[in-house]
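Here's the structure, in structure tokens; my notes come after.
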Amino acid sequence: ATENKQPLALLAELAAFDLPEMPSDFMFDWDENADRATPPIVTTNPTITPTASNQQGQTVRVPVEYLKQFNTAFGQLILERNAINLRLGEIQTYTGLLRKRMKHLESSNKELRQWYDQASTEGLIPTPQSELPTSIGRIPATTEFDSLEMDQYNDLHLVSQDQMETIVQLQEVTTDIEMSLQDITQSVRSLNQTTRSLQKNLNRTQMSPFADVVKRFPRLIRDLSVQFGKSVNLKIVGEHTGIDRAILDSLSDPLIHLLRNAFDHGIEDVATRLAAGKSSSGNITLEASHRGGETIITISDDGGGVKINRIRDRLQQMGLPSEEIAKISEAELLDTIFEPGFSTASSLTELSGRGVGMDVVRTNIEGIRGRIQVKTELGVGTTFTIRVPFALSIVRVMLMERAGFIFAVSVDSVKEIIRFQPDLLTADGSQISWQSQTIPLLAIEQAISFGRNHRSFELPGIPTIAQTTVLVVGEDQLYTAFYIDRFWGEKEVTLKSIDSPMPLTPGFGNSIILGDGRVVPLVDLMALACWMSVKAEFPATEQDDGSRPIVHERTQPHRILVIDDSINVRRYLAAMLEKEGYEVEQAKDGQEAVEKLVGGLVVQAAICDVEMPRLDGYGVLEALRADETFESLPIVMLTSRNSEKHRSLAMNLGASAYFSKPYTEPELLSALKSLIEVV
């Protein structure tokens, strides 16, 4: 039944089932040289009968290219799912706003009817004395009734009654929309659950056991032991740990180099080991496991450990001053072994001492969004820890905002988000106390800025945390903290690489796509922190050769407050000002404008109408000029009143400029710019 099915259709059927955990003897039979035109072949283990109660023995041979296409299609599915979730959230917001405005409309209509009834009772509204239609029973058309005998209605009453009926109809439509929205929300929840199940099964489909890459390592160690006369035992733990095939292929060369390095640098000769009270045979342990959303691979040995003094001596030979070396921590010293050309070997051998290799190891690992750290203890041994993502294409991120800059950070790299408290800062404000240690505290705008005046986009919804916090990243005693203004929550997104002919700032190499199609950079904050520390010691100049990005100061856009009771006027002015690069805040009358400004809204200028409800433009001038905080705030009056009396009153109350309609946009913008520059 399956031999005529296309591979994607077959995999789609497999994805619909909740597959059990991968058993120890479960492996995919990969054949990268298989003919792409040949349909996949389903083979059955001859020792297991394929019955309904036991299907674990079956394997499927699928060309790798088909899996890559399937993975790409699934990444697109994630993008579309995020778009649906975003639009659903917007519809829910709009529905809530509709419900709120319907209540306001009902309240206004009720108040209008009360005023109408009161005015009718007091005789303020005339009632026309019209003849009754002749079709009313047997009453003659010429018969006249007193107002107490029959109600008299006018056009205002008819309009009011029609408005009430319209409101009731709108209420019914609102209820229907809410019910349909509930059904859509339930369907989207089901879609999200199905997508998560599909992703889980897709990840399992693309997994290969760790044994596929390490199965040849025991023989490698035996050959090296015979060749160099050094007895070393290799222990492999987690052979059946599933790892993404693309990641596994990229790990092959780094693992071989680290294994050779452990054999040559780590394990001592027999005489040295016996003198230290160790067994004559050295031990190397290679282990793979899953932790959270990462795959952890460790290579540890029980050798002599890395000699820190040799690293210091080597750095001094390379020209680094002794006083600078003394300031470097042990973790940072160990990290230098991954620098290009760095080696502490005293002689060249077939395994080490050539000054190449460890930098290539880190480069290959970083190419798959991984990272490597090293720990050592003199006389006890050394451990290299490799952390790689569980999957390459799908990543879970945290959306952050700082100084108007929206960026994403991998969840796996975040250690903690703590509330910012000034008493945690050191005296100079460059470090912060965290978990009984002091770590650097950086601001991302010190390294990232724009050379243009541009208003950053805002994410929809309400941020999870809307106050200044501190984001701690790093591991293995290498931690750094960053200021964060707002935290927008976590998202599961598709990863896209950034291909640029220009050199990118370290830490920037990948991006994510939000549900509305906007691109957000995925930042490696540890790499950025390292570059910022180097940049602080060697500041970039305009004469740089391009190897280090030039940073320009970003000019923050000016914010203008538009005050007008007409929503159309506000929208028109906002569009005009935003086109010129301004940020715009709006107020529907003078009272709301004063409340916003007194409440802490910071603006560089205001454009105000004269005739408004609650508080007119003159009242705004009086209220703001009476407050010393707003004495110098430029306030431009824009109104249809062009008489000298209105103009003189506004200027006497403190208006900065007075424009009457019709006006010219260039003239208004020029005056506004001049007023802001003067302030």
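A single entry from V562, V620 fulfils the requirement of being touching a Cys at 6+ places or on another chain (Cβ under 7 Å) and modelled with pLDDT of 90 or more: V620. Within region 70-110, restricting attention to residues that are small (G, A, S) and more than 19 Å from Q163 (Cβ to Cβ), the residue that is most open to solvent (accessible area, probe 1.4 Å) is A73. Of the residues in region 409-424, at least one is closer than 30 Å to Q467 by Cβ, open to solvent by less than 20 Å² (accessible area, probe 1.4 Å) and modelled with pLDDT of 85 or more.
For I236, indicate whether it is within 24 Å of I337 (Cα to Cα) and open to solvent by 10 Å² or more (accessible area, probe 1.4 Å). No; evaluated as a whole, the condition is false for this residue. When Q227, Q182 are checked against the criterion of being over 30 Å from S279 (Cβ atoms) and not hydrophobic (A, V, I, L, M, F, W, C), Q182 stands alone in meeting it. Listed by first and then second residue, the pairs with beta-carbon distance under 7 Å, at least 6 apart or on different chains, first residue in region 154-179 and at positive phi, second modelled with pLDDT of 80 or more and assigned to a helix (DSSP H, G or I), form an empty list.
Selection over region 225-258 of residues that are within 18 Å of V361 (Cβ to Cβ) and in a helix (DSSP H, G or I) gives a count of 13. Checking T376 against (1) closer than 30 Å to K68 by Cβ; (2) open to solvent by 20 Å² or more (accessible area, probe 1.4 Å); (3) modelled with pLDDT of 85 or more; (4) not aromatic (F, W, Y), which test does it fail? In the conditions (1) closer than 30 Å to K68 by Cβ; (2) open to solvent by 20 Å² or more (accessible area, probe 1.4 Å); (3) modelled with pLDDT of 85 or more; (4) not aromatic (F, W, Y), T376 misses (1) alone.
Those strands (runs of 3 or more DSSP E) of region 385-440 in which at least 1 residues are closer than 30 Å to N71 by Cα and in contact (Cβ under 8 Å) with a residue 40 or more places away in the chain, considering only elements entirely within it, cover 394-402, 405-410, 414-419. Scoring V397 on the criteria (1) surrounded by 17 or more Cβ atoms within 10 Å (Cβ to Cβ); (2) touching a Pro at 6+ places or on another chain (Cβ under 9 Å); (3) not polar (S, T, N, Q) leaves a single failure, condition (2).
Do we find that I368 is of a type in the set (A, V, I, L, M, F, W, C) and either open to solvent by less than 50 Å² (accessible area, probe 1.4 Å) or more than 29 Å from L334 (Cα to Cα) (or both) in this structure? The answer is yes for I368. A593 falls short on exactly one of the conditions (1) modelled with pLDDT of 90 or more; (2) within 31 Å of the chain's Cα centre (by Cα), and that condition is (2).
Among the residues of region 588-606, those that are without any contact (Cβ under 8 Å) to a residue 40 or more places away in the chain and touching an Asp or Glu at 6+ places or on another chain (Cβ under 8 Å) comprise K588, D589, G590, K596, V598.
All conditions but one from (1) closer than 24 Å to D627 by Cβ; (2) surrounded by fewer than 17 Cβ atoms within 10 Å (Cβ to Cβ) apply to E580; the one that does not is (1). Of everything in region 632-677 that's part of a strand (DSSP E or B) and among the hydroxyl-bearing types (S, T, Y), which residue is least open to solvent (accessible area, probe 1.4 Å)? If we take residues in region 632-677 being part of a strand (DSSP E or B) and among the hydroxyl-bearing types (S, T, Y), then T639 is least open to solvent (accessible area, probe 1.4 Å).
The values are calculated or read from the model by the stated rules, or taken from the named source; none is laboratory data. Keep in mind that this is a model prediction, so the values were computed, not measured. All Cβ positions, glycine included, derive from the backbone under ideal geometry; neighbour counts span all protein chains shown. These accessible areas exclude ligands, DNA and RNA; they are computed on the full protein's heavy atoms, side chains included. Shrake-Rupley method; radii C 1.70, N 1.55, O 1.52, S 1.80 Å.
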